[in-house]
Amino acid sequence: MDLSPLQRDRYKYMPRLPEILKKDVGSICIEKGTATESISDQAALKEMFPSTYGMPITRLVEGPNADASKIINVGVVLSGGQAPGGHNVIAGLFDGIKAGNPDSKLYGFLGGPSGLVEDKKIEITSGYLAEYRNTGGFDIIGSGRTKLESEEQFNTSLEVCRKNNITAIVIIGGDDSNTNAAMLAEYFKSKDAGVQVIGCPKTIDGDLKNEHIETSFGFDTATKTYSELIGNIQRDANSAKKYWHFIKLMGRSASHICLECALQTQPTYAVISEEVEKNRTSLSEIVDNIADIVVKRAANNENFGVVLVPEGLIEFIPEMGMLISEVNDMLAEKGDYYNTLHTFEDQAEWINKNLSKDSSYAFSSLPSNIQRQLLMDRDPHGNVQVSRIETEILLIDMVESKLAELKSEGKYSGLFSHQHHFFGYEGRCAFPSNFDADYCYGLGYTAFILISGGLSGYMSSVKNLSKPSSEWIAGGIPVTMMMNLEVRHGRNKPVIKKALVEMDKTPFKTFASSRKKWAEKTSFRYPGAIQYYGPDEICNAPTVTLKLEHE
């Protein structure tokens with residue numbers, strides 16, 4: 001294989017570990033705390049998870065662990081979208097298993113959860129794994145978005161495990177994937193099947209986190225990658241002094257990526273979806289805010305800027321959220337008739353005629369290209385594919401119209417030149433930062449210790465992450481304690497509650513205290529590329545969000 005020098009060097013990198021994981025696996029045991037409860041809906045969730053509800057938080061401590069040396073077969077699944085560091089979770093899991101007993105085996109199920117159901121797998125060996133250590137992507141075994149949630153799937157999964165003498169499954173995924181892992185763990189335990197299930201917290205969006213899961217893996221690398229690109233664009237904007245750049249960033253359900261990138265780069269303007277929802281800010285108000293900044297900066301001879309927009313913003317704007325909800329419901333109920341309408345004009349007319357008055361007004365006010373995106377192919381659940389709506393272009397079009405209006409009134413005389421960008425895939429498979437390489441390896445290694453301790457229905461946890469790795473704390477968190485009930489397709493379903501940006505926490509407050517200054521006077525910061533060699537404060541620093549949350 002023709003490798004780049006960095007690729008060759010990263011293969012050799014030895015991830016830093018919490019002190020407890022540096023010990024012989026036979027001398028690492030599990031300390032259990034007090035019983036836990038779910039975030040809400042305690043009675044209902046206890047009934048749904050009678051075998052796994054209320055389990056204690058655990059911590060890895062020094063002590064005898066005779067079971068660590070048992071020969072075991074473990075299966076691992078990558079689920080959902082890619083995130084930097086996934087390969088290192090598998091590497092940590094593999095090394096832990098082999099440290100316990102060299103005759104133990106790790107099987108990787110191919111293509112995500114469907115590989116488990118269909119018994120499509122490979123044995124992961126040291127030679128095979130060597131080409132993936134400390135690298136980005138999920139290509140070692142592939143991923144998928146199949147949901148494990150039916151009894152038929154659970155039965156089939158159990159048959160596959162018994163056929164291959166697999167006694168533990170590690171599912172690496174986000175909130176939905178780990179919810180499904182908890183359901184699988186409950187099923188196996190209720191059947192006394194002898195198969196454990198452990199989850200690992202993955203998502204670059206950063207919305208799988210709490211007191212014990214301080215960050216999901218991949219968030220560090222992705223936000224640093226995006227921030228480098230934003231910084232590059234800001235340097236160009238500050239050099240050319242003639243363009244307004246509108247940059248859409250990943251993050252449908254939460255704005256953690258947008259907030260972290262804003263803290264790293266200090267853009268001219270950044271929208272935080274959760275604030276928009278809390279204040280019930282309308283689309284026209286957002287447009288007016290941006291237009292006002294454009295006018296003021298032009299008057300100061302700074303007719304350029306950078307605007308950051310979260311991917312899911314449009315659903316948080318009150319009138320747009322209502323519109324999307326009505327469209328989703330309408331097409332779910334009358335989708336067959338809608339599909340007989342073959343032109344966009346006929347589709348738009350039928351949709352508009354059946355909307356409420358407010359939603360009809362909102363739909364009619366949108367540029368035709370955005371209307372088309374609202375009505376294009378649905379996702380597998382029949383909903384609008386929000387990620388395909390070009391919110392950044394919508395804002396550009398509406399700001400341009402507002403500025404034309406101001407120009408006709410003699411309130412603006414500048415030229416609004418603009419560019420638009422969407423940073424998504426650029427961050428999902430980047431070479432993991434040292435932080436993510438270390439964190440992920442620790443998550444995988446911890447998963448093995450949890451397995452050796454007989455646990456199931458837990459998520460691997462490594463916390464105290466704002467400190468040096470030697471002070472990190474490894475353990476396990478029962479997944480049910482992160483759950484609540486949400487209505488999905490008309491039924492109450494157990495789900496891990498998404499963590500949204502909170503207005504009263506230090507990261508948002510820090511952003512809010514500075515954004516007026518950033519808007520009025522160019523204050524760009526240029527983070528540069530991720531560094532792998534050099535001083536700790538450059539190479540091993542966590543995200544700004546993580547540092548602020550633990551000051």
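The values are calculated or read from the model by the stated rules, or taken from the named source; none is laboratory data. Only a predicted model underlies this, so the values are computations on that prediction, with no experimental measurement involved. So basically every Cβ, Gly included, is an ideal-geometry build from the backbone, and we count neighbours across all protein chains shown.
Worth a mention:
- Residue check, Asp175 over 19 Å from Ile451 (Cα atoms) and touching a strand residue (DSSP E or B) at 6+ places or on another chain (Cβ under 6 Å): yes
- Of the residues making up the range 68-125, those that are part of a helix (DSSP H, G or I) and over 21 Å from Thr179 (Cα atoms) number 13.
- Contact map, the range 329-351: residues that are touching a residue at least 12 places away in the same chain (Cβ under 8 Å) paired with residues that are loosely packed, with under 11 Cβ neighbours inside 10 Å and not acidic (Asp, Glu), Cβ distance under 6 Å, separation 6+ or inter-chain. No pairs are found.
- Contacts under 7 angstrom Cβ, first residue in the range 501-527 being assigned to a helix (DSSP H, G or I), partner among the polar types (S, T, N, Q) and surrounded by fewer than 17 Cβ atoms within 10 Å (Cβ to Cβ), 6 or more apart: Lys517/Ser523
- Restricting attention to the range 203-224 and to residues that are part of a loop (DSSP other than H, G, I, E, B) and of a type in the set (A, V, I, L, M, F, W, C), the residue that is surrounded by the fewest Cβ atoms within 10 Å (Cβ to Cβ) turns out to be Ile213.
- Thr179 meets the conditions (1) outside any loop (DSSP other than H, G, I, E, B); (2) closer than 24 Å to Ala68 by Cα in every case but one. The failed one is (2).
- Residue ID - surrounded by the fewest Cβ atoms within 10 Å (Cβ to Cβ), chosen from residues in the range 14-61 that are more than 26 Å from the chain's Cα centre (by Cα), closer than 27 Å to Glu486 by Cβ and of a type in the set (D, E, K, R): Glu47
- Test: residue in the range 176-185 that is farther than 18 Å from Leu93 by Cα, surrounded by 18 or more Cβ atoms within 10 Å (Cβ to Cβ), within 16 Å of the chain's Cα centre (by Cα) and not hydroxyl-bearing (Ser, Thr, Tyr): yes
- Cβ pairs under 8 Å, 6+ apart, first in the range 136-159 and closer than 13 Å to Ala185 by Cα and crowded, with 17+ Cβ neighbours inside 10 Å, second among the acidic types (Asp, Glu) and at pLDDT below 95: none
- Every pair of residues 6+ apart whose Cβ atoms lie under 6 Å, when the first sits in the range 401-424 and is assigned by TED's automatic domain parsing to the domain that holds Met250 while the second is surrounded by 15 or more Cβ atoms within 10 Å (Cβ to Cβ) and of a type in the set (Asp, Glu): Phe416/Glu400; His420/Glu392
- Applying the condition of being modelled with pLDDT under 95 and under 17 Å from the mean Cα position of the chain (by Cα) to the range 389-425 and asking which residue is nearest to His245 (Cα to Cα) yields Gly424.
- Subset of the range 474-500 (residues that are outside any strand (DSSP E or B) and either surrounded by 18 or more Cβ atoms within 10 Å (Cβ to Cβ) or in contact (Cβ under 8 Å) with a residue 24 or more places away in the chain (or both)): Val479, Thr480, Met481, Met482, His489, Lys497, Lys498, Ala499, Leu500
- Any hit, the range 190-197, residues being surrounded by fewer than 23 Cβ atoms within 10 Å (Cβ to Cβ) and in a helix (DSSP H, G or I): yes
- Screening the range 225-341 for helices (runs of 4 or more DSSP H) wholly inside it with 2 or more residues that are among the charged types (D, E, K, R) returns the ranges 273-279, 283-299, 318-338.
- All positions within the range 26-56 that are on the phi > 0 side of the Ramachandran plot and either assigned to a strand (DSSP E or B) or in contact with a Ser or Thr (Cβ under 9 Å, 6 or more places away or on another chain) (or both): Gly54
- Where a residue in the range 8-29 is not assigned by TED's automatic domain parsing to the domain that holds Gly454 and its partner, wherever it lies, is basic (Lys, Arg) and outside any helix (DSSP H, G or I), with Cβ under 6 Å and at least six apart: Tyr11/Arg133
- Selection status of Gly115, touching a Lys or Arg at 6+ places or on another chain (Cβ under 8 Å) and in the same structural domain as Tyr439 (by TED's automatic domain parsing): yes
- Within the range 528-551, tally of residues that are in a helix (DSSP H, G or I) and not β-branched (Val, Ile, Thr): 7
- Count of residues meeting criterion [out of contact with any Ser or Thr (no Cβ under 6 Å at 6 or more places or on another chain) and either of a type in the set (Ser, Thr, Tyr) or assigned to a loop (DSSP other than H, G, I, E, B) (or both)] in the range 418-459: 13
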